[in-house]
Amino acid sequence: MRRNLSTAGSGSIRTARFTFGPRYLQVADRYTIDYSSTVDGFNAVTGAAVGAPNPLQFGGWDTKAYNNIVGPEIGLNYKLERGRWSIETDLRFTAGMNWQNTLYQGSNFPAALGADYFRSTYTFANTVSQATNNSSLVAAPPLFVQIYGVGQNNATNAAEHNFVFSPLGEWRLRGRYKVSKAISLNLGYTGMWLGGITRASTNTEFRADLKPVLVATQNGPTRRVEVANPLYNPEEPAGPDNPQRIFQDVATWTPPPVQAPSTDGSTNNQLRVYNSVGPRRGNDLTYMFVNGVDFGIEINY
């Protein structure tokens, strides 16, 4: 609806316009984070200082948030024209309903698993090394078994969908100078405020959770095992050319009883740190304020 506000003989044209109708606006946001795990010395590299990165410890996370705002909009426009100059203002308000979709992609496992990798500590039984007739016990290092969520950067591990109220306010100010009937110089400013917006960065968080892990120990009763002796021949009698069989007492590994976890190592049920990057607990809503200046030459033909 348009109304002429100018008076005869004023030398200027003033008009007011009221508008009403639907509006759709999408606000898309993306947040990317790269991280590496440095807990329990898992990232130590042979020949390097503790703390050097290990390629298997790297991970990546990508969060995409989409705000789809739909609602009725009312607007008020005022325009003043005098000679070669014209000034125009706009005020608009939208009572929007926001369909929000937040997608979480990255090298983590699905959020239901609760960790970016599973870690267990298992130690091989001790082995025996022999040179000629002498044997020695060699302690095997622990084997760290980890399952990494690699190769999943394009997989959607979690998703959130919310429906909230999102008000929107917009204001514009434009000025125009007519160089000729066909050419004009334009300068404008636009500002916009949006509420009830979900952002990718504020809905992504890093978590370090303590979880109990059972660690087997070599504290069981000893058992006698035969040591491999390539010089021994069971079909020949023992003698200088046929050494006796060699036996070794080896402690057995015993699983620990289920106990309350401890951080000081007093029990075998100890706490370990599990890292994960994932959705923030609860939908974190915020507001956005955007503004900008535009200018240019307009040619009508």
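Miscellaneous remarks
- Using 0.36 nm per residue and subtracting the Cα-Cα separation, the extra length available between ARG223 and ASN283 on full extension is 15.8 nm.
- Rg to Rh quotient for segment 157-265, alpha carbon positions, Kirkwood Rh: 1.63
- At R0 = 41 Å, FRET efficiency that the Cβ-Cβ distance of VAL293 and ASN162 yields, to 0.05: 0.75
- Between THR252 and ARG30, the FRET efficiency from the beta-carbon distance, with R0 = 51 Å, is close to 0.40.
- Here LYS64 is the anchor, and the aspartates and glutamates within straight C-alpha reach of less than 12 Å, apart from those fewer than 8 places off in the same chain, are ASP29, GLU160.
- 14 Å cut-off, amide nitrogen to a point 7 angstrom out along ASN101 Cα→Cβ, residues in segment 4-28: 26-28
- Within straight-line cross-link reach of LYS211, aspartates and glutamates at Cα separation under 18 Å, skipping those fewer than 8 residues along the same chain: ASP40, ASP116, ASP264
- Partners for LYS181 among lysines (Cα-Cα distance below 22 Å; same-chain residues under 8 apart left out): LYS79
- Report note on the peptides 180-193, 288-301: ranked by the mean count of other C-beta atoms within 10 Å, highest first, their order is 180-193, 288-301.
- Each of TYR78 and ASP264 was given a label point 7 Å from its Cα along the Cα-to-Cβ line. The distance between the two points is 7.5 nm.
Rule-based calculations on the coordinates, nothing more; no lab input. What you are looking at is a predicted structure, and each value in this text was computed from that prediction instead of being measured. Positions of Cβ are backbone-derived with ideal geometry, glycine not excepted, and every protein chain shown enters the neighbour counts.
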